[in-house]
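These notes are about the structure you will find just below.
Rule-based calculations on the coordinates, nothing more; no lab input. Small disclaimer: the values here were computed from a predicted structure and weren't measured. Cβ: placed from backbone, ideal geometry, glycine included. Neighbour counts: every protein chain shown.
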Amino acid sequence: MQLQWLLLLPLLPTALGQAGSNDTLLWGAYRPNLYFGLRPRIPESLMTGLIWFGTQDYQSFSKARHTCEQNELDGYTWTEFDAREGGVQVLKDGYNNVKITTELLKIPGGDHGGSWAARIRGEPIKPDRPSRISTIFYLGLEGTGGLEMETDEEEDGIEGPVKFSGSSLQLDDFTIKIVDGPNNKFVSSGAFKEDFKDRIGKTHFLGRPSAPGTIWQAKDTILKTIVQQFQSKAQDYQQPNYPDPSFLITLPDDVYTNSNLFAVQKTLEGPFQFDVFYESASAKRKLSSATLDQGIPVLLESYNKRFEAALPFPADYPAEKRKSLEAFSKAATSNLIGGIGYFYGNSIVDKKFSYEWDEDEDAALNDDGTEAKGARLTEPRALLTATPSRSFFPRGFYWDEGFHLLHIGQYDNDLSLDILKDWIGLIDQDGWVAREQILGEEARSKVPQEFQTQVPNYANPPTLAMVVTAFIERFKTHQAAQGISNQDLGIDVNTGQAPLGTNTAAGSLHTAGSEYLNSPELAFSYLKSIYASLKRHYDWFRRTQRGQIKQYGRTARSRSEAYRWRGRTETHVLTSGMDDYPRGPPHAGELHLDLISWMGFFTRTMKDIATFIEEKEDAAVFADIEKAIAENIEDLHWNEEQQMYCDANVNEDEESYHVCHKGYLSLFPFLHSLLPTDSPHLGAILDLMRDPEHIWSPYGLRSLSASHPEFGKGENYWKGPIWIQMNYLALSALHKKYAAEAGPYQGKAKQIYTELRRNVIDNEYGRTGYVWEQYDPLTGEGKRSHPFTGWTSLTALSEFSLPIFAQRPGQFLCFLAVL
Ligand code: 6A9
């Protein structure tokens with residue numbers, strides 16, 4: 001461990017005032033593919049979900065809400081969300097004239113991950129129009145254990161709370177209680193009312209046995225039962241003279257023996273509310289509606305404080321923008337964190353598959369050494385991960401995740417490290433991680449078959465390395481700020497807490513609860529624990545994605561550092577992440593500029609982490625490779641004539657040539673800060689970037705030059721549209737290096753930084769209230785998937801954590817610390 005941190009030890013907080021992170025992160029809204037679905041981070045356990053539909057007519061039943069769908073609701077957003085404490089989500093269902101608010105409060109205590117309380121509230125969007133909603137809350141237990149309904153079964157439904165009790169290996173004993181709000185009005189009038197008088201005003205229920213691994217299909221099971229119930233009762237009536245749907249579209253009020261799936265239905269009129277309490281027995285604490293009445297306002301207050309400390313309002317933005325900017329950023333951050341899911345299950349891998357240009361690869365082998373053939377199911381794996389989109393792609397994506405964790409880490413450092421650890425755990429013995437993590441049946445149900453199989457020589461940009469560097473930077477900044485100015489900040493050295501309301505740019509308030517930032521030992525052992533796997537992963541990249549240098553008349557200072565994405569087709573390089581970005585024809589001899597740049601970045605990160613954990617020899621090796629990569633980027637990828645960096649390919653005469661398409665690709669050595677500030681090529685890159693004929697737009701950097709013949713053509717995914725995570729890379733390269741350090745282009749870099757940051761922020765927030773997957777390169781309008789709860793949220797970081805170039809105390813103190 002480095003000396004200066006050891007010296008700071010006596011100043012560190014001794015009591016952290018927070019439960020272990022495993023505990024506070026056990027429960028969560030970890031079914032982000034649902035509008036509201038809670039489960040613990042345990043492979044087979046208790047899963048809950050919310051279903052609702054309108055009873056204004058019979059048709060609305062076929063539009064029952066459960067999984068997030070694009071263009072179904074008028075909006076759904078977590079306005080506040082903290083993974084450890086809970087949050088508030090607003091779901092606007094215009095079709096059924098209801099705004100549903102889901103509130104979640106996590107209550108620590110006991111030895112099994114604590115308890116929680118959830119409140120589901122509904123109110124008419126248009127108060128003068130009817131709002132008749134039927135809600136179904138379900139709970140299902142998988143794996144060993146048991147779940148029972150405690151409330152006596154009544155054949156015509158239940159008045160008052162419904163209680164369950166259960167037990168499982170990891171959750172131990174627990175109870176669940178579902179309680180009406182004070183003013184619920186059950187639907188009670190209508191033709192044939194007399195026929196149903198015993199059922200009206202009651203809560204209906206069912207209990208069914210559900211085979212292992214099928215709780216995720218609860219909606220089907222439950223709605224089918226409702227249809228059967230309807231059919232048995234409807235025969236007494238003649239269409240169109242059916243009774244009010246509220247009377248007929250109901251659960252049957254019976255519980256089969258050995259049930260492990262239960263559902264509770266309420267059919268209500270006008271504003272409504274019900275609470276669900278999960279009490280972990282060892283916590284020995286009774287929860288009631290008062291817990292939520294009091295707890296939610298406290299949660300919101302502490303959320304706001306934490307958010308403002310983690311992402312302080314930027315000094316260069318006019319105060320009158322504050323409200324809308326903060327609301328936007330809170331929602332973006334909350335949806336990213338509210339989009340975190342826990343996935344468990346097997347996936348499909350094909351070890352043998354390869355395109356002809358990839359066929360130089362060694363034959364793929366099974367673990368037992370035999371040659372592998374065809375697609376196979378793997379062992380089940382577990383993963384806690386953020387997701388790019390709750391409706392469209394609710395699963396883990398490797399290169400998206402690095403960006404997600406940059407943002408999450410700014411708000412909750414330890415949460416980002418916990419998730420990173422899960423991803424690191426996926427690195428297999430060869431060092432490979434699949435690009436898309438489609439774990440289990442539920443995740444697979446969202447993916448067309450042709451996209452399900454993952455191939456072990458396919459990569460994706462190594463963004464997990466970004467999370468490691470961000471952590472190391474944050475740690476150093478935090479340690480320096482702590483050590484030098486604890487007294488100045490009035491921080492209590494015993495608790496690590498600053499006085500409430502303290503808002504320091506050095507960020508002591510929001511990081512006070514972080515175990516890793518506050519403890520050099522923990523930081524050290526965390527990095528040590530991931531190092532071996534990360535290195536295996538790094539070696540896998542260097543081994544499997546290497547490119548050819550010695551042929552095709554190429555000359556380069558390093559004979560080893562050249563790279564090529566495997567798994568491309570004629571038109572797509574999905575593995576690069578920039579799917580349809582123009583490239584040359586597939587060839588075993590082509591070399592990809594983005595990949596060598598990612599590798600330069602990855603190498604630098606490996607050097608930083610090796611230095612941190614004192615693997616000195618490794619650090620020296622990484623330093624050499626880093627230098628070799630920088631040299632080879634110049635030797636293999638710089639095109640003097642066109643004054644830009646390009647891919648390389650091989651022509652019919654077996655000679656190397658450059659494939660140059662102006663766009664994100666051409667910026668890569670700059671995006672990863674691989675060029676020195678006095679590089680003779682930096683000016684050309686900055687000019688290309690700032691040129692409105694090419695990459696620059698009033699809304700952010702375009703993926704492809706507006707003057708390129710393919711601009712906006714074909715599928716038009718990466719042929720022009722603006723991607724926020726790429727703009728973020730440019731902004732941080734400018735902020736941390738090119739605009740911050742002295743050099744011939746510093747002035748230009750500062751200018752570009754200020755303009756770009758403003759363009760991206762001004763375009764995105766407050767336009768539609770939605771965050772989009774990408775933005776139109778000519779009009780700035782949002783495009784494709786929305787709400788996009790993944791990396792687009794980085795606008796919030798561009799706003800807040802990359803402020804104007806005032807003196808940043810953090811940087812200054814950091815500098816002192818490494819002296
Ligand atoms: C196919 C659709 C119901 C494409 O954000 C995830 C990825 C990025 O990693 C990548 O860079 N997106 C970008 O070019 C989305 C990929 C979605 C594939 C889903 C199945 C099913 O639709």
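Computed values, structure above
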item	result
Residues S416, S673, S324 arranged by fewest to most Cβ contacts within 10 Å	S324, S673, S416
Per residue Cα convex hull volume in Å³ - calculated over segment 645-791	121
Nearest-ten-degree value, helix 724-733 long axis tilted from longest Cα axis of the chain	40
Residues V187, V298, sorted so that the one with the fewest Cβ neighbours within 10 Å comes first	V298, V187
Under 19 Å from K126, Cα to Cα: aspartates and glutamates that are on another chain or at least 8 residues apart	D57, E72, D74, D93, E269
Equivalent-ellipsoid semi-axes of segment 510-578, from the Cα gyration tensor, Å, largest first	38, 17, 11
Cα gyration tensor shape of segment 159-266, rounded if a/c is under 1.5, else prolate or oblate by comparing a/b with b/c	oblate
D (Stokes-Einstein, µm²/s), Kirkwood Cα radius, the chain, 1.567 mPa s at 4 °C	46
Distance violations [Cα-Cα > 24 Å] among K177/K446; K535/K616; K713/K783	K177/K446
Cα-only Debye scattering, segment 87-232: base-10 log of I(q)/I(0) at q = 0.19, 0.20 Å⁻¹	-1.53, -1.60
Dimensionless Rg ratio for segment 99-150, taking C-alpha atoms and the 2.2 N^0.38 Å reference	1.66
Residue-averaged 222 nm ellipticity for the chain, from DSSP H runs of 4+ at -39500 (n - 2.57), nearest 500	-10000 deg cm²/dmol
Column: log10 I(q)/I(0), Debye, Cα scatterers of segment 545-607, q = 0.13, 0.23, 0.29 Å⁻¹	-0.37, -1.01, -1.28
Aspartates and glutamates with Cα under 15 Å of K193, excluding same-chain neighbours fewer than 8 positions away	D156, D236, D244
Per residue convex hull volume, Cα atoms of segment 363-478, in Å³	115
For segment 500-656, convex hull volume per residue from C-alpha positions, Å³	166
Anchor K323: lysines whose Cα lies under 18 Å away (excluding residues fewer than 8 positions away in-chain)	K305
Crossing angle, helix 289-310 versus the chain [Cα axis fit, 0-90 degrees, rounded to tens]	10
Tilt relative to the chain, helix 218-234 - C-alpha long axis, 0 to 90 degrees, to 10	30
Whole-Å semi-axes of segment 409-466's equivalent ellipsoid (Cα gyration tensor)	24, 16, 10
The chain, dipole about Cα centre (Lys/Arg Cβ +1, Asp/Glu Cβ -1), debye to the nearest 20	1380
Per-q log10 I(q)/I(0), segment 279-436, q = 0.08, 0.15 Å⁻¹ (Debye; single scatterer per alpha-carbon; no solvent)	-0.41, -0.99
For segment 97-128 versus segment 422-472, the gap between their alpha-carbon centres in whole angstrom	32
Over segment 707-777: Kirkwood hydrodynamic radius from C-alpha pairwise inverse distances, Å	13.7
Cα extents of segment 194-343 along the three principal axes, largest first (Å)	70, 43, 32
Taking only Cα atoms of segment 49-132, radius of gyration then Dmax in Å	15.1, 49
Average Cα contact separation per residue, the chain, under 8 Å, 6 or more apart, as relative contact order %	12
Out-of-range pairs (alpha-carbon distance over 31 Å; input K662/K736; K63/K233; K92/K421)	K92/K421
Order of F81, F393 under a 10 Å beta carbon neighbour criterion, fewest first	F393, F81
Charge dipole magnitude, Cβ of K and R +1, D and E -1 - segment 141-198, Cα centre, debye nearest 20	380
